Structures are given as C-alpha cells and as structure tokens.
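Everything below concerns the one structure shown next.
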Amino acid sequence: MAELIRVRHGVVLSLRTVGDYLRCWGVSPQRPIRRAYERDPEAVCWWLEEDYPATVRSR
C-alpha cells in the first residue's frame, strides 16, 4: 500500500503510518480460507474414519 500511495500520489509514508491509517479506516489483512474448494467430502470422511486412525496407531 505504501508503494501504491507513493507511485500514485508522490507521497512517501512509512509502513507504520500506512498500517495506522488502514486500521483507523477499519481495513484489516484478510486471511485465506484454510479449506480447499476442490476437496471431496466423501474422501475426507473415509480418511478420517479409516486411514487416519491407522496412522495414529502406528506411531
């Protein structure tokens, strides 16, 4: 964001200042969803019931 502001407006702001402004305006970094969209619910269920317990037991 600081680089974008510098390029578009010719104003140099520190990262701290940009972060303070964004926080003041209610803008926060977005975290990606931890779940894959292409995941197969049936395969996940099978893995949790069959494969995962066997993996834990083998430790």
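Since only Ala2, Gly26, Val56 are under comparison, the one whose Cα sits farthest along the positive direction of the charge dipole of the chain, derived from C-beta charges on Lys, Arg, Asp and Glu, is Ala2. Each of Val18 and Arg57 was given a label point 7 Å from its Cα along the Cα-to-Cβ line. The distance between the two points is 5.4 nm. The phi-based Karplus calculation (6.51 cos²θ - 1.76 cosθ + 1.60; θ = phi - 60°) puts the 3J(HN,Hα) values of region 52-59 at 4, x, 5, 5, 5, 5, 6, 6 Hz, whole numbers, x for Gly and Pro.
Where a number appears in this text, it was derived from the coordinates with a stated rule and is not lab data. Since this is a predicted model, take the numbers as computed values, not measurements. Glycine gets a Cβ as well: all are built from the backbone with ideal geometry, and neighbour counts include every protein chain shown.
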